[in-house]
Structure formats: structure tokens, C-alpha cells
């Protein structure tokens, strides 16, 4: 595998694990606020991000590339409103999309079609992640200022469960 591409994929593992770490802080914020549904939504998100890291790890190992685990940065976000974690989540998902795009571009540059096929799944996944994050912001803006609306949103987010991702390979 091309050295630049393997470096980017190794870095992406760290990005995914940082995402999990960041989303744990979001879950903690909502837990402290008594919004267990929002906390649940982000705990499921934590599981998804770890699963993404594991997919990338497996891909590297299956291609005889050493995995390099690096330190995960400490999240530095603090929040004063229930909307702020959601907005930070969308901004972060856009950052992750840009990271995936860099990996894809590197794979394309060296005609690594297997890597591109694997990354196609991540490209689609990031579209879903950004839509979900955007929808949560819209819902909070529409319903979150009303106690009953916030309660209903929280109840809705309590129903989310983790489903392990499956990738066509």
C-alpha cells in the first residue's frame, strides 16, 4: 500500500477514536442535564465511531500494513445550552468528512481501487452522519425550547440502538 495512503488511514483510526471520545463528553453533558435520550443517542454514536476505527484497523491489517495507535487528544468543548453539543457535532462530522475525502483522494491518486471501494462505504456513512447531525439541530431549534417538545425529542432519542455496521467487501 502506498505510504501516504497508509499514513492517512492510520491517522483516520485516531480521528474515529477521537470522535468517540468527543461524543462521550456530549453524552456526559446531556446526562448531567437529565436528558437521557440525548445521552443515549451519543452513546450509540460512540459505539459507531469505535466500529469505524475497527473497520479501518482491520483493512490495514488485511493489507499487511502496521497499525499505529497514537494518543487521543482531550476534547476541549464546554457547553452552556442544549443546542451547542449538536452544533459541535455537525461541525465535527464535517471535519471527519474532509478527512475521509483526503483518504479517498490519496487512494485515487495511486489507483488503489480496493481502498477506494472500502472508502466508498465511509463516504456514504459520512453523508448519513451529517444529515443526522443537521436533523438533530433542526429538531432542537423547532421543539427544544418547549419543555414538552424537548421531552418528546429526548424520548425519541432513547429508542436509538447500536447496529454494528456492515461493509460490502
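Bear in mind these aren't lab numbers, they're just calculated from the coordinates by the rules spelled out. Keep in mind it's a predicted model, so treat the numbers as computed, not measured. FYI the Cβ positions are ideal-geometry reconstructions off the backbone, even for glycines, and counts take in every protein chain you see.
Rounded to the nearest 10 degrees, the angle from helix 36-62 to the longest Cα principal axis of the chain is 0 degrees. Which of rounded, prolate or oblate describes segment 103-142 when judged by the alpha-carbon gyration tensor and an a/c cut-off of 1.5? Prolate shape, in that a/c is at least 1.5 and a/b is the bigger ratio. Roughly how tilted is helix 83-109, in degrees to the nearest 10 and between 0 and 90, from the longest Cα axis of the chain? That helix lies at roughly 10 degrees to the long axis. Computing Cα extents along the principal axes in Å directly from the structure and comparing it against [x] 60, 37, 30; [y] 53, 28, 23; [z] 45, 31, 28 singles out [y]. Fully extending the segment from residue 120 to residue 151, taken as 0.36 nm per residue of separation minus the present Cα-Cα distance, adds 7.5 nm. Taken along the Cα-to-beta-carbon direction at a fixed 7 Å, the label points for residue 166 and residue 69 span 2.9 nm. Residues 6, 80 in ascending order of nearby Cβ atoms (within 10 Å, fewest first): 80, 6.
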